[in-house]
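Notes follow once the structure below has been shown.
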Amino acid sequence: MYFHVNGDLVPEQEATVSVRDRGFMYGDAAFETLRAYGGTVFEWDAHADRLSRTCETLALDHGLSDDELLNRIHETLEANDLTEAYVKLSISRGVQPGKLTPKPDIDPTVVVMVKELPRGGTTGTPVWDGPAVVQTVKTRRIPNEAIPAAAKTHNYLNGILARLELQRAASDTYQADEALIRDAAGNIAEGATSNVFFVIDNALRTPATTGPVLPGVTRDVVLKLAREQGIPVEEGTYTPDHLRRADEAFLTNTTWELRPIETVDGIEVGGGPVTDLLSLVFNEYVEDRHYGE
């Protein structure tokens, strides 16, 4: 494999950054997880906008245009002869003296990593091997006043702690796929790496991004598609009980796309007609934009 590091394509074994890099030392970095379908990046403009907002939050002026970043992604895909791929784009503040306060002048570290994924669209196959088993965890979502949820940074310890809870709770007969993380008030925020959707009374519901919820790119596409299909949509505040008693539910993220939820805290939920319809129109959306004539 070849990765893109600071403007150069290098073999994976040589794709390294300094131990003094602030992304390593402090998590002082922004990133985006993207997906390539047919050699082009899904919803690049939305990802680029979110990356820009994260960098603005961090006061991280990396000096590269969106086109320059996209070119580095395409170069990495081409170097690895990949058209269907997972892509991670990371930008750190780079190497600075070992002090917490960042200096205004930076030499950013910019890395692009890729790996192969299945084809998407109407003839594609999911990357997951079955519906998700979801478990509520004790770890709470960091409040926006501490670390803004809209900023996608290298500070992912919150999600790691949640996934560690799942590991500790696992047994020979039970293993959850995703952690359900609540906010400080006990309301649903999101999964460790996903947004949460569910259906009650034929309406699609998802936690609002006014709370500590990452504004997922796939989340936004699903909301748009649902409205186009005439499905009532509500973004609000919900407890885990809402999810447990839902008629159907699913998770979204860039690589999973739409993944039905099988159980929540051992209570069967499952997919359903709304999940099936949205999965169908999402696949058609990908097909039209990435594989069509």
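Listed residues Gln229, Gln175; which is out of contact with any His (no Cβ under 6 Å at 6 or more places or on another chain), of a type outside the set (A, V, I, L, M) and closer than 21 Å to Leu164 by Cα? That would be Gln175, the only listed residue that is out of contact with any His (no Cβ under 6 Å at 6 or more places or on another chain), of a type outside the set (A, V, I, L, M) and closer than 21 Å to Leu164 by Cα.
Checking the condition more than 13 Å from Thr136 (Cα to Cα), out of contact with any helix residue (DSSP H, G or I) (no Cβ under 7 Å at 6 or more places or on another chain) and of a type outside the set (Ser, Thr, Tyr), which residue from Leu164, Leu214, Leu204 passes?
Numbers: Leu164 fails: more than 13 Å from Thr136 (Cα to Cα); Leu204 fails: out of contact with any helix residue (DSSP H, G or I) (no Cβ under 7 Å at 6 or more places or on another chain).
The conditions single out Leu214.
Kindly indicate the residue of region 83-115 that is among the acidic types (Asp, Glu) and over 12 Å from Arg22 (Cβ atoms) and also surrounded by the most Cβ atoms within 10 Å (Cβ to Cβ) among those meeting that condition. Among those residues, the one meeting the criterion is Glu84. Taking the criterion of being assigned to a loop (DSSP other than H, G, I, E, B) and either in contact with an Asp or Glu (Cβ under 9 Å, 6 or more places away or on another chain) or modelled with pLDDT of 95 or more (or both), the residues of region 102-120 that qualify are Pro102, Pro104, Ile106, Pro108, Leu117, Pro118, Arg119, Gly120. Only one of the numbered conditions (1) outside the structural domain of Glu56 (by TED's automatic domain parsing); (2) surrounded by fewer than 20 Cβ atoms within 10 Å (Cβ to Cβ) is violated by Leu214, and that is (2).
Condition check ((1) buried (at least 17 other Cβ atoms within 10 Å of the Cβ); (2) aromatic (Phe, Trp, Tyr); (3) in a loop (DSSP other than H, G, I, E, B); (4) at pLDDT below 95) across all residues:
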{"residue": "Phe3", "(1), (2), (3), (4)": "yes, yes, no, no"}
{"residue": "Gln13", "(1), (2), (3), (4)": "no, no, no, no"}
{"residue": "Ala36", "(1), (2), (3), (4)": "yes, no, no, no"}
{"residue": "Asp49", "(1), (2), (3), (4)": "no, no, no, no"}
{"residue": "Arg53", "(1), (2), (3), (4)": "no, no, no, no"}
{"residue": "His62", "(1), (2), (3), (4)": "yes, no, yes, no"}
{"residue": "Asp67", "(1), (2), (3), (4)": "no, no, no, no"}
{"residue": "Thr76", "(1), (2), (3), (4)": "yes, no, no, no"}
{"residue": "Asp81", "(1), (2), (3), (4)": "no, no, yes, no"}
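All but one of (1) closer than 17 Å to Arg35 by Cβ; (2) part of a loop (DSSP other than H, G, I, E, B) hold for Gly271; state the number of the condition that does not hold. Condition (1) is where Gly271 drops out. Here Asn202 passes the criteria (1) of a type outside the set (Lys, Arg); (2) touching a Leu at 6+ places or on another chain (Cβ under 9 Å); (3) on the phi > 0 side of the Ramachandran plot except the one numbered (2). Within region 129-145, the set of residues being within 18 Å of the chain's Cα centre (by Cα), closer than 13 Å to Ile188 by Cα and of a type outside the set (Lys, Arg) comprises Val134, Ile142. Consider region 15-34 and keep the residues that are within 18 Å of Ser52 (Cα to Cα) and in a strand (DSSP E or B). The one that is nearest to the chain's Cα centre (by Cα) is Thr33.
Scanning region 70-129 for residues that are under 14 Å from Thr255 (Cα atoms), of a type in the set (Val, Ile, Thr) and free of Cβ contacts under 8 Å to residues at least 40 places away in the same chain yields a single hit, Thr125.
For region 219-249, the candidate set comprises residues that are in contact with a Ser or Thr (Cβ under 6 Å, 6 or more places away or on another chain) and touching a residue at least 60 places away in the same chain (Cβ under 8 Å); within that set, the residue that is surrounded by the fewest Cβ atoms within 10 Å (Cβ to Cβ) is Pro240.
Could you say whether any residue in region 170-184 is more than 22 Å from Trp128 (Cα to Cα), surrounded by fewer than 17 Cβ atoms within 10 Å (Cβ to Cβ) and either of a type in the set (D, E, K, R) or not assigned by TED's automatic domain parsing to the domain that holds Leu51 (or both)?
Initial filter on region 170-184 (more than 22 Å from Trp128 (Cα to Cα)): 182-184.
This time we only want the ones that are surrounded by fewer than 17 Cβ atoms within 10 Å (Cβ to Cβ), so: 184.
Filter once more, so that each one left must be either of a type in the set (D, E, K, R) or not assigned by TED's automatic domain parsing to the domain that holds Leu51 (or both): 184.
Checked region 170-184: at least one residue is more than 22 Å from Trp128 (Cα to Cα), surrounded by fewer than 17 Cβ atoms within 10 Å (Cβ to Cβ) and either of a type in the set (D, E, K, R) or not assigned by TED's automatic domain parsing to the domain that holds Leu51 (or both).
The values are calculated or read from the model by the stated rules, or taken from the named source; none is laboratory data. Everything numeric in this text was worked out from a predicted model, so none of it was measured. Quick reminder, even Gly has a Cβ in these numbers, built from the backbone with ideal geometry, and neighbours come from all protein chains shown.
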